[in-house]
Structures are given as structure tokens and as C-alpha cells.
2 protein chains.
Amino acid sequence: MESLREEFLQLIGRLHNDICRRLELADGKAQFTADEWERPAGGGGKTRIIRSGAVFQNGGVNTSAVWGELPAGMMKYLNTSHSSFYACGLSLVMHPRNPFVPTSHANIRYFELYDKANNLTDQWFGGGADLTPYYLFGDDVVHFHQTMKNACDLYGSELYERFKRACDNYFYNPHRQEARGVGGIFFDRLRTGENCDARHWLRFVESVGYAFPDAYIPIVNKRKAMPYTANHIHWQEVRRGRYVEFNLLHDKGTMFGLNTNGRTESILMSLPATVRWEYDYQPVHGSEEEKLIKVLKSPRDWL
Amino acid sequence: MESLREEFLQLIGRLHNDICRRLELADGKAQFTADEWERPAGGGGKTRIIRSGAVFQNGGVNTSAVWGELPAGMMKYLNTSHSSFYACGLSLVMHPRNPFVPTSHANIRYFELYDKANNLTDQWFGGGADLTPYYLFGDDVVHFHQTMKNACDLYGSELYERFKRACDNYFYNPHRQEARGVGGIFFDRLRTGENCDARHWLRFVESVGYAFPDAYIPIVNKRKAMPYTANHIHWQEVRRGRYVEFNLLHDKGTMFGLNTNGRTESILMSLPATVRWEYDYQPVHGSEEEKLIKVLKSPRDWL
């Protein structure tokens, strides 16, 4: 019987191909280019980048498997005295050109901790998928959440509710008092153990991984040909600024990657291509832009 | 005799007016607009913003005086068991439109810590001024450093050397292994105490504050009419991305402001208006862009 780690690595390899192929079909013009990289302190990854597409201005789908000593700061952060780690996962962010097509992010990951005698002492799965629209289409948000709920339900009827709230809590910019987007699901420290079949959470993250293109791509196809103006782009770029703020100020994945000497270009491929900051920018009262902000300030139950 | 605090507040008030007036003259078109704000937990500030100028795309010159309880995270960060603080200062960032005009930042600040019985137990000055060019003109960098050295020399012949190195160390993006810019001076925890006349460092930060326009504005005037192309702007926007990365990932002032519930719009006025990220962007071999990177990777002694 294969190790959990090996089985997960095979899963993310298959997903990498499947998701990239389906995103390329949705784009219709650009193709992913691949970079393989090694991490000097242990491990490496495969970064696939799409740029200047018909639909996607930029985006990336990465897999990586890295290991080594835990830096002191990360031991403190993880509240552990473990001395080394193994982490692998798939992570993607897509930034569409058309402001009516939302940005989306998804990630599944597997983590192991080892003690000083190199015994495996803790292991867990984590991940999630969330949607960041620039304009609010209720149907799109419901479709995204429903697809994620379907992916969760087989593994526990309470999971969607729990992971939906965790997502609203996690993708939050406290300094703006608003959510990054309209959420989805987020989960971490899903431990395999005595009370849980070792493959239960593996099957679950597989379900989430394959649900992502079903959740996102129909929205892309529905909105990608909608006409837009320079004003819509302006708003999209202002909102992308908030995306950058979240990723650089608050995102734990970015922090973990940079603090463990991860590959900077693969970590920061999550940032949008063109971004704008304007002092004290306020949307017009009663506008579509203001409608989005209202939802970001008080997250809704979509289902 | 006035308190140190009161004297410093008067200094930053005068500097606020003087620096804004001189920057407006350099711009020739735009004027600063003022926002006064209050911090619910104690204090407030005056934010002056310039936008869509002939020379400055965006920029801000802020003064603030804030006080209150130290959040637990900040006590840990400052490595202190003090329970409350008082902080005031002037902080500015200017982002020019023309890629041959450098971005510049300056700051002077005064900080007090109080124990639980509300006795003043520690107080210090901090600050600095640094230059972030997009294209390297050696003469400009030398002028900036020389002006800062002149401002330092009267207060100690060793100060410039010490604060120049501190600046190179502080304004550094470890995840890019490069400096944010070509440096200047940076200093913190300059304590007034038994061995030091109480007004020594106050006079010093006054000297630095008044030196800033002398250091920066002649460079602005020298370069602001230079013709540039879309390629120069592209490079400027990529480099501005590194500026955003430093400010959001590493800058202690940004972290302190956001963690003490400072006014977000006044803190993030430091970010440039239009910014670009491109995966694994590399300047052309032998180009002017590459020359800049080489200097950022190994900081020079300019004087």
C-alpha cells in the first residue's frame, strides 16, 4: 500500500494537468508555460504560468514538494517543537482580464512534521477554494458555493458550513474591515488518525480539487464576452490592490513560503498583473461597485 | 521650558508646511489636499495628498500624534512590558510620473513608553530618508547622500556612516535579495538621556527634516522634463511592485500603524498609483535596467 504522501503527490500531478488543460480551453488563446525549479534546502516544484491570454491576463498553477528544517520563526508560528517538515501541494490563482469575470484561487496541501529523531509525529491536509469578483452576480456566487458544497457533502454533512465560515474568517482584510471576496471553503489541520480512515481526508481534498474547475470555469465562460469600459477596469485594478494587500500582509501561505526560502517567483505568481492604489477611493452611492463592498463588509450565506 | 514632545510637534508642523510648499513648486500644477482624522483609541493626524500632478503621480506628507495601550503583539515586538505609548511624527512618500525621477521617502518620529503607573520610562527619536530610482544617475545619488551626510555631520562625525549602513540593512527585500533603492540614512532608538543633552537628537531630526527637500527636489527638477517611453514606464511599474512588496511584507512603520489601528488610508498612501507584476521578469543583459539591479544587489558607498 502506497504512502499517503505518495498517493497525494500522484493526485496533484493528475490535477495539475487536468486543471491547466481546462483553463486553456476556457482561454482559447494562451497556453501555460512550465518552469521546474529546485529548492536548495530540499525539494522543488513545477510552476505553470499563463500570460496575456484572451481571457486570463495572468495566472499560475503550481505544484511543489519541499522539506527541511523548520526555521525558528516558523516553529514559533506553528507552535511546535518539531524540527523538520515535509509540505506538498497544488496552488492556483487566475486573474482574468474582463472585470466581470472573477478572480479565483484554490489550493490543496499535505503537511508532515518530524521530531528530532526523524519520526513522523503529525500530519494533516489543508486547502480551499474561493472567489473574488469585481462585480457581483448572485447566480455565479451561488454556483461556486453549491459546487463546493457538493464536493464537501460526501465527506460529512457539516463540512460545508464549517469550511464556509472558516473561509469568510480567513480571507479577510482586517485593516479594510472587508472580506477579500465572496468566499468559498477553507480548511486546515484535517488530521488523519485513529478515529479517521487514513484516506478519508485524501479523498476529500481530491474531491475539492476536481470540483474547482467545475465551480469556476462555467462562470468564466458565462462572463468572458461581456463588454466592459475603462471605468470597469479602473475599479478592477483598485480591487486588485486589496488582493495584493491580503496576500502580502495576511496570507499564511505566502508567509510560510517566503519564510522557508521558497521560490519567490512561484509564490508571488498569485499577484495580479496590473494594479492601482488611489487614496481614499469610494465607490459612487448606489452603484454596482458599492453593492460589492456591502457584501464584502457583511458576508452572506449563499445557499 | 517646553517639553520635548511639544517642541517636536511644533517642528513637524513647520516642516509639514515647508516641505509641501516646496514640493508643490517642483510640481508646478497640483496642490496638496488636506484630510484631518481622529484615531478612536487616541490621537489623530493630518494627511496631505498630492495626485495627478505634472511631476508627481501620487504622494503624501502626513503628520500624526497617536497614543494609547500597546497591543499585546506590539509589546512582544518592542520587547517591552510597558503598557502604553505615545508616538508622533512626519512621514512622506513621493511617486513621480517620469521614470527618470526617483521615488523618495522620509520620516522623523518621536516615541515615548509609559509603565503601568503611567510614568514615562523610555523615549527616543527615529527616522530617515532614502531614494528609490528606476534608472541610475550616479550624480543624483551622490547629491542625495552628500546632503544627508551634511545634515548628520554637525551632530556627530560618525553618524552618516552608521546611519547609511542601517539604511542599506533596513530597506532590503530579503525575498528578492536586493535593496529597495540606493539608500540614504535610517536611524531608530536615538535616546535622550544622562549622557546626551535632551535636545541633541531633536536638533538632529530637525536637521534631517529640513535637509530632505534640499536632497530630493534638485534631483526632481533636474530630471522631470526628460523624455521617456512606454518601456521606461513598464520598468517603473515593475519596480514599483518591489516597493509595494517591501512596504507590505517588511516595513515596520506600516506594521506598527496597521497593528495599532492606525488610519489605513494614511498608512497606505505610501503605495504607488499604478503597479505591475510580471512572472520572472528579467532586464535585458547590459541594459540600463540591469545596471540598476546590480547596484541594488550590492549597495555602494556613494561618497
### Message
Can you tell me, using C-alpha contacts under 8 Å and at least 6 residues apart, the relative contact order of region A:27-92 as a whole percent?
### Response
27 percent
### Query
Around B:Gly68, which amide H atoms from residues at least 5 apart in sequence, or from another chain, sit under 5 Å from its own amide H, with H modelled in the peptide plane?
B:Phe85
### Summary
Binned at 10 Å from zero, the C-alpha pair distances of chain B give percents of 6, 28, 36, 22, 7, 1, 0
### Task
Using a 1.4 angstrom probe, figure out how much accessible area region B:108-206 has per residue, in square angstrom, rounded to the nearest whole.
41 Å²
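Could you check how much of the accessible area of chain B is carbon and sulfur, as a whole percent, using a 1.4 Å probe?
Numbers: 6340 of 12700 Å².
That fraction is 50 percent.
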### Task
Using only Cα atoms, tell me the angle between helix B:159-170 and the longest principal axis of chain B; keep it within 0 to 90° and round to the nearest 10.
70 degrees
### Message
Assume the label is 7 Å from Cα along Cα to beta carbon: what separations in nm does B:His234 have to the matching positions in the other copies?
### Response
2.6
### Using θ = phi - 60° and Karplus 6.51 cos²θ - 1.76 cosθ + 1.60, couplings along region A:259-267 (whole Hz; Gly, Pro as x)
6, 10, 6, x, 7, 3, 5, 6, 6
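Given a cut-off of 22 Å, name the pairs among A:Lys29/A:Lys224; A:Lys46/B:Lys297; A:Lys252/B:Lys297 whose C-alpha atoms lie farther apart than that in the structure shown. Walk me through the numbers before you get to the answer.
Values: A:Lys29/A:Lys224 13 Å; A:Lys46/B:Lys297 27 Å; A:Lys252/B:Lys297 27 Å.
Flagged as over cut-off: A:Lys46/B:Lys297; A:Lys252/B:Lys297.
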### Folded to 0 to 90 degrees: helix A:4-27 orientation relative to chain A principal axis, Cα
20 degrees
### Message
To the nearest hundred square angstrom, how large is the accessible surface buried between A and B, total for both chains, probe 1.4 angstrom?
### Response
2600 Å²
#### Entry: Nonlocal amide H pairs with A:Ala30, under 5 Å, H built at 1.01 Å
A:Ala54, A:Val55
### Message
Within chain A, which is the longest segment that contains none of the GluC sites (Glu not before Pro) sitting in a DSSP loop with at most 13 other Cβ atoms within 10 Å?
### Response
A:3-157
## Note on the structure
Output for region B:194-224: trypsin sites (Lys or Arg not before Pro) sitting in coil per DSSP, at most 14 other Cβ within 10 Å, listed by number, reads B:Arg199
### Query
Between the helical axis of B:138-153 and the dominant principal axis of chain B, each derived from Cα atoms, what acute angle in degrees is found, rounded to the nearest 10?
20 degrees
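Counting other C-beta atoms within 10 Å, and keeping those with at most 12, which DSSP coil trypsin sites (Lys or Arg not before Pro) do you find in region A:108-198?
Details: sites: A:Arg109, A:Lys116, A:Lys149, A:Arg162, A:Lys164, A:Arg165, A:Arg176, A:Arg180, A:Arg189, A:Arg191; in loops: A:Lys116, A:Arg176, A:Arg180.
When the trypsin sites (Lys or Arg not before Pro) of region A:108-198 are filtered for loop state and at most 12 Cβ neighbours within 10 Å, A:Lys116 remain.
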### Query
Where in region A:248-264 does accessible area fall by at least 30 Å² between the isolated chain and the complete protein assembly, at a 1.4 Å probe radius?
A:Leu248, A:Leu249, A:Leu258, A:Thr264
### Task
Under a cut-off of 13 Å between alpha-carbon atoms, report the aspartates and glutamates in cross-link reach of B:Lys149, not counting same-chain residues fewer than 8 places apart.
B:Asp130, B:Glu158, B:Glu161, B:Asp214, B:Asp301
### Query
Tell me, what is the 1.4 Å probe accessible area of A:Asp188, in Å² to the nearest 10?
60 Å²
### Query
So who's got an amide H within less than 5 Å of the one on A:Thr274, skipping anything under 5 residues away but keeping other chains? H placed 1.01 Å off N, in plane.
B:Trp277
### Task
Would you work out if region A:133-182 is rounded, prolate or oblate? Take a ≥ b ≥ c from the square roots of the eigenvalues of the alpha-carbon gyration tensor; rounded if a/c is under 1.5, else prolate when a/b is larger than b/c, oblate otherwise.
oblate
### Query
Comparing B:Gln146, B:Gln236, B:Gln282, which has the greatest mean-square fluctuation in the GNM of chain B with Cα pairs linked when under 10 Å apart?
B:Gln282
### Task
One decimal, nm, shortest first: give the distances between the label point of A:Lys222 and those of the same position in the other copies, each label point 7 Å from Cα along Cα→Cβ.
5.8
### Message
Shape verdict for region B:185-265, please, from the Cα gyration tensor: rounded (a/c under 1.5), prolate (a/b greater than b/c) or oblate.
### Response
oblate
### Message
Which residue fluctuates most in the GNM of chain B (Cα springs below 10 Å): B:Val284, B:Val141, B:Val275?
### Response
B:Val284
### Query
Excluding same-chain residues fewer than 8 positions from A:Lys294, which aspartates and glutamates have a Cα within less than 12 Å of its Cα?
A:Glu178
### Query
Taking every residue in B:48-57, how many Cβ atoms of other protein chains lie within 10 Å of its Cβ, on average?
1
### Solvent-accessible surface (1.4 angstrom probe) belonging to B:Thr121, in square angstrom, nearest 10
70 Å²
### Message
Show me, for region A:98-115, the HN-Hα J-couplings you get by feeding each phi into the Karplus relation (A = 6.51, B = -1.76, C = 1.60, θ = phi - 60°), rounded to Hz, glycine and proline as x.
### Response
6, x, 8, 9, x, 6, 9, 9, 8, 7, 10, 8, 10, 9, 10, 10, 10, 7
### Task
Go through region B:54-61 residue by residue and turn each phi into a ³J(HN,Hα) via Karplus (6.51, -1.76, 1.60, θ = phi - 60°); whole Hz please, and just put x for glycine and proline.
6, 10, 9, 5, 7, x, x, 10
## Note on the structure
Output row for B:Glu290: copy-to-copy label distances, label 7 Å along Cα→C-beta, ascending, in nanometres, one decimal, is 5.3
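Counting only other chains, and only Cβ atoms inside 10 Å, what mean value do you get across the residues of A:164-171?
0
Between rounded, prolate and oblate, where does region A:145-219 land on the alpha carbon gyration tensor, with a ≥ b ≥ c its root eigenvalues, rounded for a/c under 1.5, else prolate if a/b exceeds b/c? Write out the running numbers ahead of the final one.
Values: a/c = 2.46, a/b = 1.41, b/c = 1.75.
Because a/c hits 1.5 or more and a/b fails to exceed b/c, region A:145-219 counts as oblate.
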### Message
If you count only protein heavy atoms and use a 1.4 Å probe, how large is the accessible surface of B:Leu120, to the nearest 10 Å²?
### Response
80 Å²
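The values are calculated or read from the model by the stated rules, or taken from the named source; none is laboratory data. All values reported here derive from a predicted model rather than from experimental measurement. Positions of Cβ are generated from backbone atoms using ideal geometry, with glycine treated the same way; all protein chains shown enter the neighbour counts. Accessible surface is based on the protein model in full, side chains and every heavy atom, while ligands, DNA and RNA are left aside. Shrake-Rupley method; radii C 1.70, N 1.55, O 1.52, S 1.80 Å.
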